[in-house]
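This report concerns only the one structure given below.
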Amino acid sequence: MPAPQVESVLGPAKRELFKAMRAYNKAAVGKSDYRALAVTIRDKGKIVGGLVGETYWGWMYVNALWVAAEHRGKGYGRSLLRTAEAEARKRGVRNVFLDSFSFQAPKFYAKLGYREYGRLKEFPKGHSRHSLTKVL
Ligand SMILES: CC(C)(COP(=O)(O)OP(=O)(O)OC[C@H]1O[C@@H](n2cnc3c(N)ncnc32)[C@H](O)[C@@H]1OP(=O)(O)O)[C@@H](O)C(=O)NCCC(=O)NCCS
């Protein structure tokens, strides 16, 4: 076996491996229907809140949800998540999953119907990483 090597330039190796992985997955379960998703709230063109996610295999994953500090607590976060959920439903998606750190917003998601299905402690030290899911 040739010796494994740590790559100094990540991009090309990552692209090649992802391509191979996608081909493997497709052969196993068929087309993923992968689509990215972005929802934003803008004030004079500037993003003051937004969500980035992706849908595939009937699920939505939320990569990021953020509201500008001066606009928090006014319903923007709820509205962004609800809009993403509605778009996911339009795409035929019926389940959502995401991760939230204890210093972020696990309780916010709980209020919006998400349940915890896993937790990693001391990630990072003194905090925890919560895995949450919801049926749409
Ligand atoms: C988390 C975040 C997106 C929430 O957005 P928001 O616009 O402030 O939230 P909303 O005003 O829509 O709040 C909806 C409800 O959740 C509650 N809530 C909001 N943020 C919360 C938090 N971090 N923890 C617990 N509850 C929270 C609100 O009090 C409100 O409750 P109510 O319905 O009883 O009044 C926003 O605080 C933020 O961007 N935080 C920093 C980045 C972050 O943590 N992102 C999440 C990554 S997983």
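Residue pairs whose Cβ atoms lie under 6 Å apart, separated by 6 or more positions or on different chains, with the first residue in segment 68-91 and touching a residue at least 24 places away in the same chain (Cβ under 8 Å) and the second more than 7 Å from the ligand (Cβ to nearest atom) and small (G, A, S), are A84/G53. So, in segment 52-71, of the ones that are closer than 15 Å to A38 by Cβ and open to solvent by less than 20 Å² (accessible area, probe 1.4 Å), which residue ends up nearest to the ligand (Cβ to nearest atom)? Ranking the qualifying residues of segment 52-71, first place goes to V67.
Anything in segment 80-136 that is within 15 Å of the ligand (Cβ to nearest atom), aliphatic (A, V, I, L, M) and either part of a loop (DSSP other than H, G, I, E, B) or open to solvent by less than 50 Å² (accessible area, probe 1.4 Å) (or both)? List them, or say none. Across segment 80-136, the qualifying residues are L80, L81, A84, V96, L98, A105, L112, L132. Determine, yes or no, whether Y61 is on the phi < 0 side of the Ramachandran plot, in a strand (DSSP E or B) and modelled with pLDDT of 95 or more. Against the criterion (on the phi < 0 side of the Ramachandran plot, in a strand (DSSP E or B) and modelled with pLDDT of 95 or more), Y61 qualifies. Within segment 1-26, if we keep just the residues that are in a helix (DSSP H, G or I), aliphatic (A, V, I, L, M) and open to solvent by 90 Å² or more (accessible area, probe 1.4 Å), the residue that is nearest to M60 (Cα to Cα) turns out to be M21.
The values are calculated or read from the model by the stated rules, or taken from the named source; none is laboratory data. Please read these numbers as outputs of a predicted model, since none were measured by experiment. Quick reminder, even Gly has a Cβ in these numbers, built from the backbone with ideal geometry, and neighbours come from all protein chains shown. Surface areas here come from the heavy atoms of the whole protein model, side chains and all, with no ligands, DNA or RNA. Shrake-Rupley method; radii C 1.70, N 1.55, O 1.52, S 1.80 Å.
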